[in-house]
Amino acid sequence: MTTPKNQSDQDRLFAVELLTIQQVAKWARVSTKSIYRWIESGKIPVVKFGERTYRIPARAVIAQLKASGYDHLVNESYKD
């Protein structure tokens, strides 16, 4: 039996897919203003890089879909 290789912090960091506000808005077919509202209300988390640069983890969008009952829209490769 082989021991599974533990992922390093760097491997985990590079595995995180970060999306722009515009990408999420385009995908969800809503305005960027709606995405900012979702962030402000805590529906989806955001990573801030400086004053005006935001990124949303793709897994957060997937988690929001699941929480809203849209599991069937989530690609099998992204399921936890």
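A short reminder: the numbers here are calculations on the coordinates, not readings from a lab. Bear in mind the structure is a predicted one, so any value in this text is a computation, not a measurement. Glycine also receives a Cβ, built like all others from the backbone with ideal geometry; neighbour counts cover every protein chain displayed.
Quick look at the values:
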item: Peptides ranked, highest mean first, by Cβ atoms within 10 Å: ranges 21-30, 47-56, 7-16; result: 21-30, 47-56, 7-16
item: Amide proton proximity set for K43, modelled H, under 5 Å, gap of 5+; result: none
